[in-house]
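The values are calculated or read from the model by the stated rules, or taken from the named source; none is laboratory data. These numbers come from a predicted model, not from an experiment. Every residue, glycine as well, gets a Cβ built from its backbone with ideal geometry; the counts of neighbours run over all protein chains shown.
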Amino acid sequence: MVWGVQTPVVPGTLQSTTGQDPTPGVEDGPSPHPRTGPPTVLVVGTDDWAIEQSATELEAGGCRVLRCHPPGEPAFPCNALVEGRTCPLDVGFDVVVTVRARATSEPTQAEMGVVCALHRGTPLVVAGVASARPFGPWAALTVEQGGDVVTACEKVMDATSEPVRTGVPTPRPGEQVHHVR
């Protein structure tokens, strides 16, 4: 799919974590918040091969893909901790995708970027095997194994009023922010 072109969604491939319509209030067609450039997606996951498979799909769909570590390298230390590399949080991205190639009940080390992105307020798409665990409560949308990750990201971004970019995270309503000096 080329960004901005609607692609039919195969029934049953996109699921809301609540069982309701995953994109309430979002109509097919142009987004009410047009993007000035291609969407940027942080892709993480349980296994490098699964991350790369989804990254290739997203790039073919017109997305810019960021990663927390280069393919084939250990997840730790991440790009934020390696001199000469750039953390995806410093670049900014519209959505984070975790691709779960195996059913684990806990996040893997290579999925820690999800925690960073959620803290920043970025919407999460969870794709793959047993997609509801362990990030189900925070997922904006889930994609079952073999589903269309590009369309899921597009739906989540269309439902989000503004992309999350670099800078200090926005406090949640009622939340007090304390800065250590």
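With respect to the conditions (1) outside any strand (DSSP E or B); (2) among the aliphatic types (A, V, I, L, M); (3) surrounded by 14 or more Cβ atoms within 10 Å (Cβ to Cβ), VAL143 lacks only one, and its number is (1).
So which of GLU154, GLU83, GLU73 is buried (at least 18 other Cβ atoms within 10 Å of the Cβ) and modelled with pLDDT of 90 or more?
Of GLU154, GLU83, GLU73, the one residue that is buried (at least 18 other Cβ atoms within 10 Å of the Cβ) and modelled with pLDDT of 90 or more is GLU154.
Among all residues of segment 52-70, there is at least one that is loosely packed, with under 15 Cβ neighbours inside 10 Å and in a loop (DSSP other than H, G, I, E, B).
Modelled with pLDDT of 85 or more, surrounded by 11 or more Cβ atoms within 10 Å (Cβ to Cβ), of a type outside the set (Gly, Ala, Ser) and more than 15 Å from the chain's Cα centre (by Cα) - does that describe any residue in segment 109-128? Checking segment 109-128: at least one residue is modelled with pLDDT of 85 or more, surrounded by 11 or more Cβ atoms within 10 Å (Cβ to Cβ), of a type outside the set (Gly, Ala, Ser) and more than 15 Å from the chain's Cα centre (by Cα).
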